[in-house]
Amino acid sequence: MKKGDKVRFLSETGGGKVVGFQGKDIVLVEDEDGFEIPFPINDVVVVGNEDYTTSKLVQAKAVAVEQKPGNAIIQDNRSIKSLMREGQDEMANAFDGRYDVIDDTKAVSYKAPAEERKGGNTLSAYIAFVPVDIKEVTSTRFETYFVNDSNYYMQFSYLAAEGNSWKLKYQGEAEPNTKLYIEEFGRETLNDLTHIAIQLIAYKREKSFILKPSIAVQFRLDPVKFYKLHTFQDNPFFESPALLHDIIVNDVPVKPLVVDAKELKHEMYAGAAQKIAAQAQADGYVRRYENKQKKGHPFQAKHRNDDIVVIDLHADALLDTTAGMSSLDILNYQLTKFREVLAEHEGKKGQKLVFIHGKGEGVLRNAIVNELRYKYKKYTYQDASFQEYGYGATQVTIR
C-alpha cells in the first residue's frame, strides 16, 4: 500500500485515496469530500492494484522469450525453478522504488486524548501484587503493578529499602485509569521488599487541572502474607485476586511509617505548662511501674533458658491504664523503658535482649531503630525470630 492507492473500508461502506501513514498501523484516507480519516491499516483493502504475483511474472517471461524478434519460436529449456527465481527477481525490481519512504519526522501524528471518567478527578493509586498462578499460591511467582485509578497522569518512582539507603526499582508514567506492569519476582526476593516507598506527582496534558501535592509514602510488606491464599482478594482492577496496597485514596495519602521528628519536637516543647504536666504524669507512671515490679508485673524482664532477656513494651504491659495519655505520652514512656533496660545491661557483652513492640503502624519500632542507630551505635540489632515473636519484635545484642 502506498500514497495514491485507491482503497475501500472493510468494516463500513466507503473508501478513498491513501494520502499518508501514521506509524505502522494507521493509514490516512482522503474521502470524496476531501476529509482525511485515520483508519487501521488492516481494516482497508487496495482496489484496482496491479497483479505482481510470481505466476504472472513467470508467464509473462515465457511469452516474451517465445516472441523474441528474429525468432519464430525459441524454446527455453530452463527449469521451472529457474524461471520462478528470475520471476521473483523481476518482481523485486518491479516493486523497487514504488513505495514512498516515510519520513517519521514529517508523518502526521495523531493520539486520542486520555479518556476521563466521572469521579476520577480525585487521586487514587495502588501498588498491586498479583500471583501468576493463584492455584499454586505456595510456589507461584508474582507480578507487581502500579494502578492509576484517576483522570490524572502520574509520574512515579518505586523504591525498596536497603538498610539505611534506598534502591530505585522502577520509574515511569502511568496514564489515566490504567495499570502499569513493573516487574515479576519470586519468594527468594521477598526479604528485599519488606520496606517499600512510592513517590509521585500528578498532572493533566493539554488542558487545565487542579494542582495536586506531590506524594511520598512508605509501607511495609509482610512476606508471610504471600504464603496465604486469603491474602489475595477480588478487586475491580484484575481478573484474578490480588494484594493491593494503598498509596493515595480520594486525595488522601496513606499514613507515613516514620515518626516526624519536627512534629514530635513541637508537641514535646509546646509550652512550659504542658512540660510540667507531662513530668508529673511521668513521675506517677514511674511509681506505678515500680509497684508493678514488686507485684511481678508482666513488664519484668523474662530470662529464657538460653539467657535471652525478653521485654514486652506494649502499653497494656507497662501501665494499669492509659486514660488521659496521648499517643505521644505513651511512646515516650515506652522509649524510657527501652533506655532503662539497655542501661541495666550495659557492659554485659554478648547479652541478647528481645523487645516486643508489636506490628501496628510501625511507629514504636521505627523509634527504637532510630535510637539504636544514633544513640547506641555500638550495639547490633535485627528482627527477632519470626517463629517465636512474629514480625513484632527486635533483638539487640550488647557489644
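The values are calculated or read from the model by the stated rules, or taken from the named source; none is laboratory data. These numbers come from a predicted model, not from an experiment. Glycine gets a Cβ as well: all are built from the backbone with ideal geometry, and neighbour counts include every protein chain shown. The accessibility values were calculated without ligands, DNA or RNA, using every heavy atom of the protein model including side chains. Shrake-Rupley method; radii C 1.70, N 1.55, O 1.52, S 1.80 Å.
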Identity of the residue in region 216-242, in contact with a strand residue (DSSP E or B) (Cβ under 9 Å, 6 or more places away or on another chain) and aromatic (Phe, Trp, Tyr), that ends up most open to solvent (accessible area, probe 1.4 Å): Phe237
Quick check on this structure: which one of Leu328, Leu364, Leu335, Leu353 is assigned to a helix (DSSP H, G or I) and crowded, with 17+ Cβ neighbours inside 10 Å? Leu364
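Inspect all residues belonging to region 379-399 and state whether any of them is open to solvent by 60 Å² or more (accessible area, probe 1.4 Å), assigned to a loop (DSSP other than H, G, I, E, B) and at pLDDT 85 or above.
We begin by selecting, within region 379-399, every residue open to solvent by 60 Å² or more (accessible area, probe 1.4 Å); these are 380-383, 386-388, 391, 399.
Imposing the further condition that a residue be assigned to a loop (DSSP other than H, G, I, E, B) reduces the set to 391, 399.
Among the residues that remain, those that are also at pLDDT 85 or above are: 399.
Yes, region 379-399 has at least one match.
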If you go through region 203-215 one residue at a time, do you hit one that is among the hydrophobic types (A, V, I, L, M, F, W, C), surrounded by fewer than 16 Cβ atoms within 10 Å (Cβ to Cβ), touching a residue at least 60 places away in the same chain (Cβ under 8 Å) and closer than 24 Å to Ala160 by Cβ? no
If you go through Lys167, Lys207, the only one that is at pLDDT below 95, of a type in the set (Lys, Arg) and farther than 27 Å from Tyr391 by Cα is Lys207
Looking at region 147-159 only, could you name the residues that are farther than 16 Å from Gly120 by Cβ and of a type in the set (Phe, Trp, Tyr)? Phe156, Tyr158
Pairs with Cβ under 7 Å, 6+ apart, first in region 338-357 and farther than 15 Å from Ile368 by Cβ, second in a loop (DSSP other than H, G, I, E, B) and open to solvent by 40 Å² or more (accessible area, probe 1.4 Å): Lys349/Arg399
Filtering region 138-182 for residues that are in contact (Cβ under 8 Å) with a residue 60 or more places away in the chain and aliphatic (A, V, I, L, M) leaves a count of 1
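Can you find, within region 164-179, the residue that is surrounded by the fewest Cβ atoms within 10 Å (Cβ to Cβ) among those that are assigned to a strand (DSSP E or B) and touching an Asp or Glu at 6+ places or on another chain (Cβ under 8 Å)?
Tyr170
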If we keep just the residues of region 124-152 that are within 16 Å of Val252 (Cα to Cα) and of a type in the set (Phe, Trp, Tyr), which is least open to solvent (accessible area, probe 1.4 Å)? Tyr152
Among (1) outside any helix (DSSP H, G or I); (2) in contact with an Asp or Glu (Cβ under 9 Å, 6 or more places away or on another chain); (3) at pLDDT below 95, Met154 falls short only on (3)
